[in-house]
Amino acid sequence: PTPGSTPAPPPPELPHSVIIRQYPKVIFLYPIFLFSIVAWVLEGFWPGKFGTSSMLGGIFFCLFAVNMLVISFEFTRTSSVAIFLFFVALVFAFLYFDIFPWLKNLLGKIEIEMNSHFYGSMASLFGVIFAIVFANVRFDYYEIKHNEILRHHGYLGDVERYPAPNLKMQKEIRDILEFVLLRSGRLVLQPATEARAIVMENVIGINRVEARIQQLLGRLAVSIEKD
């Protein structure tokens, strides 16, 4: 650099390898786990005060219902827009026929209450399940390097190898709600010498993972061209 000029920032460090882990759908139930911990504490220290029991029970039920919808159905872009328009039309219908007072009166008679033992049991159950899931994905994952793809699986360190040159990659965000919850999606890798593609479901942080793979493959292409 010339005297007095600001030196150029160093180029970003390129990854030497990219680790890809896929998770089971139970991981999307983490809102229930987190809320169970909060409700466990509230019901343990302030049981039934300020109407918290019925309020917490209602919130827990709504979270449970939404999470069940997330893992049971795929909310694609088209279906999400259709569902949104349906609920908008439903709200206008309720306003037109003056159904909201009747619905509010009906829902006001429903009281869903759980004690601290229930929330503590749910938090413990999900805590054990998530611990097993996170331990399992540490032994079953894919690693993309400059010249090969490694699949690590099994508790004894079994490894499968695939060639990385001319690798085709496709990112798919099929479910909007799953993407909102964990920025997850599907990643499809097609090695040049393999007839079957490698399909990885529920990859958390799919955009960040794709960007790192693109950087890695871009450096590999430059290296091959120089050679």
Sort GLU160, GLU43 from largest to smallest accessible area, using a 1.4 Å probe on the heavy atoms of the protein chains. GLU160, GLU43
Could you bin all the Cα-Cα distances of the range 70-189 into 5 Å bins starting at 0 and give me the percent of pairs in each, rounded to whole numbers? 2, 8, 8, 10, 12, 13, 14, 10, 7, 5, 5, 4, 2, 0
Taking a probe of 1.4 Å and leaving out DNA, RNA and ligands, the range 65-204 shows per residue an accessible area in Å² of 65
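The values are calculated or read from the model by the stated rules, or taken from the named source; none is laboratory data. None of these values were measured; they are calculated from a predicted model. Remember, those area values only see protein heavy atoms, side chains included, never the ligands or the DNA or RNA. Shrake-Rupley method; radii C 1.70, N 1.55, O 1.52, S 1.80 Å.
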